[in-house]
Structures are given as C-alpha cells and as structure tokens.
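Read the figures in this text as sums done on the coordinates, not as results from a lab. It should be emphasised that the depicted structure is a prediction, and the values quoted were computed from it without experimental measurement. Here Cβ is always computed from backbone atoms with ideal geometry, including for glycine, and neighbour counts include all displayed protein chains.
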Amino acid sequence: MASISREDVEHVAHLARLHLTDDEVDRMQTQLSNILDAVETLRDVDTSHVGPTASVIRLENVMREDEATAPMPRDVTLANAPLRDDPFLRVPTVLEEGR
Amino acid sequence: MSVELTPDGTIADAVAALRAGDTSARELTDACLARIERDGARLNTFLAVDPDAARQAADEADAALARGEGADRPLLGIPYALKDIFVTRALDFDGRPLPGGFPTTAGSRILEGYRSPFPSSAEERLADAGAILLGKTNCDEFAMGSSNENSAYGPVRNPWDESTVPGGSSGGSSAAVAGGQAYFALGTDTGGSIRQPASLTGTVGLKPTYGRVSRWGMIAFASSLDQCGPFTRSVRDSAVVLGALAGHDPRDSTSVDTPVPDYVAGLTGDVRGLRLGVPREYFVPGMEPGVEAAVRAAIDVLRAEGAEIVDVSLPSTDRGLATYYIIAPAEASANLARFDGVRYGLSAGADELWENYTRTRGAGFGPEVKRRIMLGTYALSAGYYDAYYVKAQQVRTLIKDEFDEVLSSVDAILAPTSPTVAFKIGAKVDDPLAMYLNDACTLPVNIAGLPGISVPCGLSDGLPVGLQVIGRAFDEGTILRIADAYERVAGFGDLRPATARA
C-alpha cells in the first residue's frame, strides 16, 4: 500500500511551490494514496527487457540558420505582467536585506 | 438548391449553399450567434464570444466568396469555435489590446484576463482556410478532466440532457457543436478529451496522430501526449477540418514533416476487404450494457458492409490507466511550473518571491490541477523516479508495441469510445479514480500516439454512444473512411439534441 504521510504531502507541495491549506493537505493525503495504490499495479508488469518510451516519434534536433530575427517588442512582452516597472518586470524581494 | 437555415447542418452542406449563393457567411454566422444568444449562457459553452468581430469576419468572407476565392479555402465563411486552451492573438505590436482579440484562460483562474501576444497555429491555419472564429469555449482547467466540471468558470451542460455533463476536457466545444452554436470546434486530446466528449454529445471527434497537427500555441498539458483535432457533425466535415489543420510546422519540434493526403477524396464509402480488429479487453468491466449493445451493433453494420471483423487482443490495456496517471501528471507538473506570478497571470502579491510563487499557485490552480501537479511531482521526485516514472515509460513501450503488432495484421481497430453515456453533473466529482475510468478506452491511444475517431453509433437511455475507430500512425485516411462508411449506412448522422429542433 502506498500510504503517504502528511509530511510527504507537505514535502511534495514544497517541491512543487504549491501552497496547500490544512484541509487540502488532508484531502490530498487520502486521494494521492488511493491513486498511488491504483498505479502500484504496474509493479507486477515484467519490464526487465523493455526500454522506456519518452516519445512515440523519433525526435531529432531541429536546426535553423543562425540569423537574427526581430524579437517580440518589449511592450508586448511586458503587457501581461502583474507587476512592472518599465522597462522591467518587477518581482517581490528575493533576498532579505543584510544577507 | 435551397438550404434550410438552421445552424445544425454540416459544413459540407453550408459550403455548397455558400458557393451556390443560397446563403451567406453572414447568415450562417448570425444563425450560430442566435443559438449562442439563446442557449450559450445556460449551457455555459463559451468563455468569450465577440459577435461584432465574427460578423465583420463574415462580411470579409462574403466579399472573398464574391471574388471567387472559395476554391482553395475549404472553410471560407464557416463559423467555428476554439477551445480556450488555444491562444488567440489579442495584443497589437505596442502591447495594447487588439480589437476583436479574445483572452485565453485555459479554464483557469491563474490565467484570467491573459491576452496572448501571438496566435496559435490552429487559429492561423483556420483563418487561412477562411473559417470565422466565434469565440473561445469552456474547458476543464488546463484540459485536465473528463466532465468539464474542473473549469474555474463553471460546468458545461450537455444539450442532450442539461443535468448531465458534455464530457471533457473539451466539453464547451462538444456541447457547442452538438447544440448548433458552431459548425465545428477544436478541442485537444491528451487522454480522450476530444473523443470522449464527442461520444457523450453525439458528435464526431477526431484525435489525429501525435505529430500530425502543430501544437504551437496550444497551452501544454502533457507534451508527449497532447494533440488537437476537430468536433464536427459529420465524418466528412472532420476530414475537411483535418485537411486544413494538418501539416508540418517548423515552430513545433514534434510536428512531423510527412505529406497530407486529400482526406475527403479518400471517403469512398467502401470498407470491403478491410480487416478490422475488435480487442476483447476494451469491453471493460463497468461498461453499460446499452453502450456495449450499440457498439456491437455498429461492428455488425461494418461486417454487413463487407469488412472482415477479427478478434484481437491488447493484453496491457488494463495497465493504460496507471501508465497514463504517471506520465501525464509528471509532464504536467513540469509544464505548469511556468505559472509563477511573474510574467503573466495571477499574482498573489506576497512581499517575498518564494512566498509569492506558492501563494499564487495555491490560489490560482483548482483542485484537479493541484492533484495532478502533486502526483507528477511525487513521481518525479528523488527515490520515486525509477519506481514510478521510468516504470510507466517502460509499460508505455509494451502498450505501443502491442498496438503496432495488432495493427500489422488489421487495418484498424474498433472499440467503444466511453464505457458510459453522459453522467449527471456532480456524480463523480468526489472520486477522482471513478472519473479517470471514463478514459480507460481512449487513453491507451494517446500512450501509443495513434489516431482515433469517435462517431455516433446510436442512443442508450436516450443519450448518445460513440464507436471508436483507431488506426495506424499517420493513417487518418483509413479511420475516416471507415467512420464515414459507417455513418452513411447506420443512420445516426442526423442525431441531434432536442435544442436543435426547438
């Protein structure tokens, strides 16, 4: 059984940069455990001689000539930003002062 | 020829009437807009409609028709809708809102009000083909769902029975086409999100081969599985729209450069000599008897038309769900990392960057999206990567190999699209696993990257049932031919919900 703990849920939420309320953590613990139980059935499949498939088509590097093209205009790039301080995007404090 | 002006006909009939001068793009557009005006808010099909922009595009199409431009523009004058997972250009070159441009939400609060600076390939190609964009349709948030109940903008109602779901995730598109609000609509299909809602609404839904249609401008859910395709009211119409969409696009590195056949010319109505496999594993436990009966009857119709029906086995079918629910969430968790509250979309306004990431994402994503981000992040995290993610990719190889082997001895596979007809809104919202089972018959096709089409094959309990035809990679021609031949003789091509007759 893939029962996962509250701490597991909180750890994964931290990795995913996802704030969850206490209720959400509770619900997620139950639901993820149930889903993982269903997924665990894959353990019975013999894949000892099987390679993984990441894509069904053969992916090849796509090259183009190294020619400059017009970039997206700055005002267009910034148009959807929740916080801007032209000509920049503005973000909240990254490091506390004095560190 | 005179045409009865209802928005419930086919593209083929509308194009013929336009060319003959019996109707105009403006009339067709007005008929769709009237239907949207009458039913749209109640069914919650559209997240954005712009009647003025649509009428203006219709007038331009009428002018083009008058100049005789219809011949090489197969959708000239035909009104359609785009699932709101496709970006549509909504900013001018100075970053100001473009008149007639639509926001793009992906059904999520986190993108509320987002205006794309560029168009999707689908929008561009359909504009080149002459189609008129009516608006953007409701969908499950980031295309994650099978009922359209995961939209941040409310559920969509199925025009066949408004207490039931239209399927998902492309539920607004399926309901709009079933309800005569558009001549066709585009959806996206990562695990069944075109075929399953087509089945539940009595429409034709096509998922092309992975790589057949460009995904440029389609907001990514699971990049190794996503494809886009049309909802239509006939198989012939599906062939017309696929012809306009298909082809190589240098902006999508997974778009395959392989010739696009004339899909309409391939609709011969003849299935004699074709070998069609029926995989026993697709008649799954929990399947409704009325659905099984309709699908079995459809298989008999194709046998009577001269196809050879053979029993085949795809033994790993029951591993599809588990495989999918590792691979799709893993890819989604990576794709959705871009929603960080910095460049676009919602920002929680916290005073510290880290806190702003987590608060923005916590407030902006709905429960199903959070669940899948968590599941995917877990499967990719240290200590679980090999046990879950690599294992799922290995089983993916097995599933694909089984399809390849079966399709080396049959021309196509016949199966149910969905194990049930449309279910009641609210019936499965508290049980994610029960909801995931809706896609048991469709998601193996995405895992293998193959083309699949759902075509109406009758009613069960008064609600539509879909027959799924699955083909070889890049052989959309054969599944369209089979579905069209079936549609011609089966007599379900005229199935319409009561709203179409009201």
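I need the shape label for the stretch B:200-336. Rule: rounded when a/c is under 1.5, else prolate if a/b > b/c, else oblate, with a, b, c from the alpha carbon gyration tensor. Oblate. Under the rule a/c < 1.5 gives rounded, and otherwise a/b versus b/c splits prolate from oblate, where does the protein assembly as shown land using the Cα gyration tensor? Since a/c reaches 1.5 but b/c is at least a/b, the shape of the protein assembly as shown is classed as oblate.
With an 8 Å cut-off on Cα pairs and a minimum separation of 6 or more residues, tell me the relative contact order of the stretch B:318-394 in percent. Write out the running numbers ahead of the final one.
Values: 69 pairs, mean separation 33.4, N = 77.
Once divided by the residue count of the stretch B:318-394, the mean separation gives 43 percent.
Rounded, prolate or oblate, given the Cα gyration tensor of the stretch B:366-472, with a/c below 1.5 counting as rounded?
Working: a/c = 3.49, a/b = 1.16, b/c = 3.02.
Taking the square roots of the gyration eigenvalues as a ≥ b ≥ c, the stretch B:366-472 is oblate.
Of all lysines in the structure, the ones whose alpha carbon falls short of 20 Å from that of B:LYS400, not counting any fewer than 8 places away in one chain, are B:LYS207, B:LYS391. From the alpha carbon centroid of the stretch B:459-480 to that of the stretch B:332-357 is 40 Å. Counting only trypsin sites (Lys or Arg not before Pro) that are in a DSSP loop and have at most 11 other C-beta atoms within 10 Å, tell me the longest site-free stretch of chain B. That would be B:273-500.
Over the Cα atoms of the stretch B:124-256, Rg to Rh with Kirkwood Rh, two decimal places? Answer for the stretch B:124-256: 0.95. The mean number of partner chain beta-carbon atoms within 10 angstrom of a residue's beta-carbon across peptide B:378-391 is 4. Ignoring aspartates and glutamates fewer than eight residues from B:LYS424 along the same chain, the ones with Cα atoms less than 12 angstrom from its Cα are B:GLU149, B:ASP161, B:GLU162. Output the relative contact order of the stretch B:141-180, whole-number percent, from Cα pairs under 8 angstrom with separation of 6+ residues. Relative contact order here is 38 percent. Compared with the dominant Cα axis of chain A, that is its longest principal axis, helix A:6-15 is turned about 30°. Considering only alpha-carbon pairs that sit under 8 angstrom and 6 or more positions apart, the relative contact order computed for chain A is 20 percent. Seen against the Cα atoms of chain A and their longest principal axis, helix A:22-39 is set at about 60 degrees. A straight Cα-to-Cα reach below 16 Å connects B:LYS136 with the aspartates and glutamates B:GLU37, B:ASP39, B:ASP50, B:ASP52, B:ASP84, B:GLU112, B:GLU123, B:GLU124, residues fewer than 8 places away in its own chain not being considered. Our helix-only sum for chain A, with -39,500 (n - 2.57) per DSSP H run of n ≥ 4 divided by its residues, gives a mean residue ellipticity at 222 nm of -10000 deg cm²/dmol.
Dividing the summed -39500 (n - 2.57) terms of all DSSP H runs of n ≥ 4 by the residue count of chain B sets its mean residue ellipticity at 222 nm at -10500 deg cm²/dmol.
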